[in-house]
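The structure appears below as structure tokens.
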Amino acid sequence: MAFRLAQWMERERADRGVRLGAAAGLVLGLTSLVLAAWAYASLGSVDRLSLAEAAVLLPLSYGVHRRSRAAAILMLAYFLASRLATMLDAAKPVGWLWMLVFGALFAAGVRGTIAHHRLTRTSDVRKPPLEDDGPAHE
């Protein structure tokens, strides 16, 4: 009983990390989409960079929601690379607080997806084998 309770608590933490990572990707993806729509409405031109960011983040966010380790790692790597490029372009640390917050949320998504797969794998291995009642037809 104690093992199952500890495993359940770990599953809760893993699921929470997955939810945080997916939600962070959804927030950033939708924000990029809204900024692209606003730029089109006010300036009359499409902000292709915001559209590209939304096109990357929204499917990856769905992948994290589906507990894909690859999607979680790619989303964290994309986020860090894009923020680093923004900071290098500005030649100063711009938005470092948001980078830390969202970086931590994406890292929680990576940890959650990896923990989910680890827990799923170990729970499958520890299932007792089916009892053999002998031949089915006698």
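What follows is calculated from the coordinates using simple rules that are stated; it is not laboratory data. This is a predicted model, so every value here is computed, not measured. With ideal geometry, Cβ positions are generated from the backbone for all residues, glycine too; neighbour counts draw on all protein chains shown.
Normalised by the number of residues in the range 1-102, what is the relative contact order in percent for Cα pairs under 8 Å and 6+ residues apart? Relative contact order comes out at 23 percent.
Could you list the square roots of 5 times each eigenvalue of the Cα gyration tensor of the range 67-113, that is, the equivalent ellipsoid semi-axes, sorted largest first and rounded to whole Å?
For the range 67-113, the semi-axes come out at 23, 11, 4 Å.
The Cβ shell under 13 Å around R13 holds other residues with a net charge of +2, Lys and Arg each +1, Asp and Glu each -1. Averaging 1/r across all pairs of distinct Cα atoms in the range 20-122 and inverting the result yields a Kirkwood radius of 14.3 Å.
Can you tell me the length gained on complete extension of the stretch T31 to D15, counting 0.36 nm per residue apart and subtracting the Cα distance? Don't jump to the answer; show the numbers that get you there.
Working: separation 16, 0.36 × 16 = 5.76 nm, distance 2.40 nm.
The T31-D15 span can extend by a further 3.4 nm.
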